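Only one structure is covered here, and it is reproduced in the block below.
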Amino acid sequence: MPFDALTAAAGRVIVDCLRSIGSQAPAPRKANRLLALGLLLALVGGCAKDDARAELQRQAERAIAAVSEREHSDLMTLLADDFAGPEGLDRDGASQMARLYFFRFRAIRVVAGPLDVSLQGQRGSVSFVAALTGGQGGLLPEQAQAWRVETDWRRDDGDWKLIAARWQPVVR
């Protein structure tokens, strides 16, 4: 069942439960309906959180793909206007850094490990380890490094935007 249809059905059940709870129904029946209402609300709330988590994961995967595919405009659509990175890096600085690397390396590859996604209301974070390679497209990359990456996201007008990123080498 699509999420919108599930939400509509849940809304109808909630309204029916609330009506019957306020009626002259016997106390055990009211208690059962209150319990059913609580479980339904928990289920619907859990679905929304799972959808938000999946959406945030897709946005993080989209950012990783934009770097791998050297898609500057795709990457920049994901960054919030107030993006902040290490050492005072802002959105314009991130744009310049991406352009520099895309110009320097004809072939860039990012292999990310499992994404650890967490939500806190309209904010979220995604952490992962990624291997990043770059070169001119030959058989072997000219540079390679593994990084531990932590990102912070905010929901703006229904879309997840990257507001902060931190990275450090795993091994030097």
Full-extension gain in nm, R166 to S73, via 0.36 nm per residue minus C-alpha separation: 31.4 nm
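Would you list V149, V126 from fewest to most Cβ contacts within 10 Å? Provide the component values of the computation, followed by the final result.
Details: V149 22, V126 25.
Ordered by Cβ neighbours within 10 Å, fewest first: V149, V126.
Values in this text are rule-based calculations from the coordinates and carry no lab data. As the structure is a computational prediction, the values presented were derived from the model and not from experiment. No Cβ is skipped: glycine too gets one built from the backbone with ideal geometry, and neighbour counts run over all protein chains shown.
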